[in-house]
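Here is the structure we will look at.
Each value in this text was obtained by applying a stated rule to the coordinates, not by laboratory testing. Computed from a predicted structure; not experimentally measured. Don't worry about glycine lacking a Cβ; one is built from the backbone with ideal geometry, like all the others, and counts go over all protein chains shown.
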Amino acid sequence: MLFLVRMDVNIPHDLPAAQADEIKAREKAYAQQLQRDGRWKNLWRVVGEYANYSLFDVESNDELHTLLSQLPLFPFMKIHVTPLAQHPSAIA
Ligand SMILES: O=C(O)CC1=CCC(=O)O1
């Protein structure tokens with residue numbers, strides 16, 4: 001099942017920089033592990049925003065929820081999920 005996910009990151013200004021850097025490092029490692037195993041298929045930065053659009057390929061809504069809720073930045077993100085279906089005119 002394919003899902004388009006937008007993540008908007010909002011780290012509080014009073015979070016110590018070292019703590020923010022540690023969370024971002026864990027986020028990167030987690031994201032790259034999921035990209036390697038094929039579930040996080042694409043990751044794009046939104047130009048000019050601390051946000052991304054990502055494409056996930058997972059087995060279920062529950063799997064996606066588990067995966068997203070384990071993101072180290074999850075407490076600091078607004079996440080919008082769009083489930084995707086086949087378009088009848090698509091050739092690929
Ligand atoms: O920087 C972001 O958009 C949040 C994020 C998701 C995966 C990652 O490494 O950073």
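Quick notes
- Where GluC sites (Glu not before Pro) fall in DSSP loop in the chain, at most 13 other Cβ within 10 Å: E49, E59
- Our coupling estimate for the stretch 26-43, obtained by passing each phi through the Karplus curve with A = 6.51, B = -1.76, C = 1.60 and θ = phi - 60°, is 5, 4, 4, 4, 5, 5, 6, 5, 5, 5, 5, 7, x, 7, 9, 6, 8, 9 Hz, Gly and Pro reported as x.
- Virtual paramagnetic centre 7 Å along Cα→Cβ of Q33, amide N under 17 Å, in the stretch 50-77: 63-75
- Extension gain from L84 to N42, taking 0.36 nm per residue of separation minus the Cα-Cα distance: 13.7 nm
- Label separation (Q70 vs R6): 2.7 nm, computed from points 7 Å beyond Cα along the C-beta direction.
- Neighbourhood net charge (15 Å Cβ-Cβ; Lys/Arg +1, Asp/Glu -1) for M77: +3
- Volume per residue for the chain equals 106 cubic angstrom (convex hull of Cα atoms).
- Helical runs (DSSP H, four residues minimum) scored at -39500 (n - 2.57) apiece and divided by the length of the chain put the mean residue ellipticity at 222 nm at -10000 deg cm²/dmol.
- Each Lys and Arg adds +1 at its Cβ and each Asp and Glu adds -1 at its Cβ; summed about the Cα centre, the chain shows a dipole of about 220 debye.
- Tail fraction, Cα-Cα pairs, the stretch 1-45, threshold 16 Å, whole percent: 51 percent
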